[in-house]
Amino acid sequence: MDGLMIQLTLPGAEPTLAEAAAALGLQPGELDPEFGVIATDPDQGLYTIRVRAEAGERARKAIEARNIGGAEGVFSDPQMTPFGEADNGMGN
């Protein structure tokens, strides 16, 4: 899935995908359900979600508008492949 990784502060011990989406003004279907809500640092209320590419710009603006700072932010989510399996431009 193409999209963005977002780390944000959420209340509660185990926020749901719907709660994470609502915190950014998104619909639950705009988040990756297979990725879910990952506890990055639950003691600090930090969680990570993956947002679909088509909702990425709205999610980015929502994070900026929250203006919480700290560890909240938007990160790229590049596809990872094992070494040697991807074309590295050197004829492989």
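The values are calculated or read from the model by the stated rules, or taken from the named source; none is laboratory data. All values derive from a computational prediction rather than experimental measurement. Backbone-built Cβ (ideal geometry, glycine too); neighbour counts: all protein chains shown.
Within the range 1-21, which residues are hydroxyl-bearing (Ser, Thr, Tyr) and without any contact (Cβ under 8 Å) to a residue 40 or more places away in the chain? Working first, answer last.
Going through the range 1-21, the residues hydroxyl-bearing (Ser, Thr, Tyr) turn out to be 9, 16.
Selection gives THR16 alone.
Take the range 22-44 and flag every residue that is of a type outside the set (Ser, Thr, Tyr), under 22 Å from GLY69 (Cα atoms) and in contact (Cβ under 8 Å) with a residue 12 or more places away in the chain.
Within the range 22-44, the first condition is being of a type outside the set (Ser, Thr, Tyr), and the residues that meet it are 22-39, 41-44.
When the remaining residues are screened for being under 22 Å from GLY69 (Cα atoms), the result is 22-26, 31, 37-39, 41-44.
Listed by number, the residues that qualify are ALA23, LEU24, GLY25, LEU26, LEU31, VAL37, ALA39, ASP41, PRO42, GLN44.
For the subset of the range 24-61 comprising residues that are surrounded by 16 or more Cβ atoms within 10 Å (Cβ to Cβ) and among the basic types (Lys, Arg), which member is nearest to GLY3 (Cα to Cα)?
My answer is ARG52.
Matching residues to (1) at pLDDT 85 or above; (2) in a loop (DSSP other than H, G, I, E, B); (3) among the basic types (Lys, Arg); (4) farther than 18 Å from ALA18 by Cβ:
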| site | (1), (2), (3), (4) |
| --- | --- |
| VAL51 | yes, no, no, no |
| ALA55 | yes, no, no, no |
| ALA65 | yes, no, no, yes |
| GLN79 | no, yes, no, yes |
| PHE83 | no, yes, no, yes |
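Counting only residues that are of a type in the set (Asp, Glu) and in a loop (DSSP other than H, G, I, E, B), which one in the range 19-37 is farthest from LEU8 (Cα to Cα)?
The first filter runs over the range 19-37 and keeps only residues of a type in the set (Asp, Glu), leaving 19, 30, 32, 34.
Still in the running and in a loop (DSSP other than H, G, I, E, B): 32, 34.
Numbers: ASP32: 15, GLU34: 18 Å.
Within the range 19-37, the match that is farthest from LEU8 (Cα to Cα) is GLU34.
Restricting the search to the range 10-33, which residues are of a type outside the set (A, V, I, L, M) and under 12 Å from the mean Cα position of the chain (by Cα)? Write out each step before concluding.
Applying the first criterion (of a type outside the set (A, V, I, L, M)) to the range 10-33 yields 11-12, 14-16, 19, 25, 27-30, 32-33.
The answer is GLU30, ASP32, PRO33.
Would you please list the contacts, defined by Cβ atoms under 9 Å and residues six or more apart or on different chains, that run from a residue in the range 71-92 that is surrounded by 10 or more Cβ atoms within 10 Å (Cβ to Cβ) and aliphatic (A, V, I, L, M) to a residue that is assigned to a loop (DSSP other than H, G, I, E, B) and at pLDDT 70 or above?
ALA86/GLN79
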